Amino acid sequence: MGICFGSSINFILALKAGVSGIILTAIFYLISLLPLLLIDRKIIKRPGYVSSTMSQIALASIITSIMTPMIIKYIVKK
């Protein structure tokens, strides 16, 4: 199954999408996670649970957005 997915990857398109994805991730961390981490540690006096939870949710949404088209493409080809 990995060979099927790997053989249909357009590396140029993946690199172009990868750069914008990295930039979007950096902007997300700067705008939302850093303030939450500072508030969580300085004001609430917690070890940063909110910011770590936000980053896990962001990772889950990224993985979902990558895997969903692959699964749909596989289902449609059957």
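Straight-line reach from residue 73: taking Cα to Cα under 22 Å and skipping same-chain neighbours fewer than 8 places apart, the lysines in range are 16. Less than 5 angstrom separates the built amide H of residue 46 from those of 41, all sequence-distant by 5 or more or on a different chain. What the Cβ-Cβ distance of residue 75 and residue 28 gives, at R0 = 35 Å and to the nearest 0.05, is a FRET efficiency of 0.70. Here the Karplus curve 6.51 cos²θ - 1.76 cosθ + 1.60, taken at θ = phi - 60°, turns the phi angles of region 34-42 into couplings of 4, x, 5, 5, 5, 5, 5, 7, 8 Hz, with x standing for Gly and Pro.
Computed on region 13-78, the Cα convex hull volume stands at 76 Å³ per residue.
Rule-based calculations on the coordinates, nothing more; no lab input. These numbers were taken from a predicted model, which means no experiment stands behind them. FYI the Cβ positions are ideal-geometry reconstructions off the backbone, even for glycines, and counts take in every protein chain you see.
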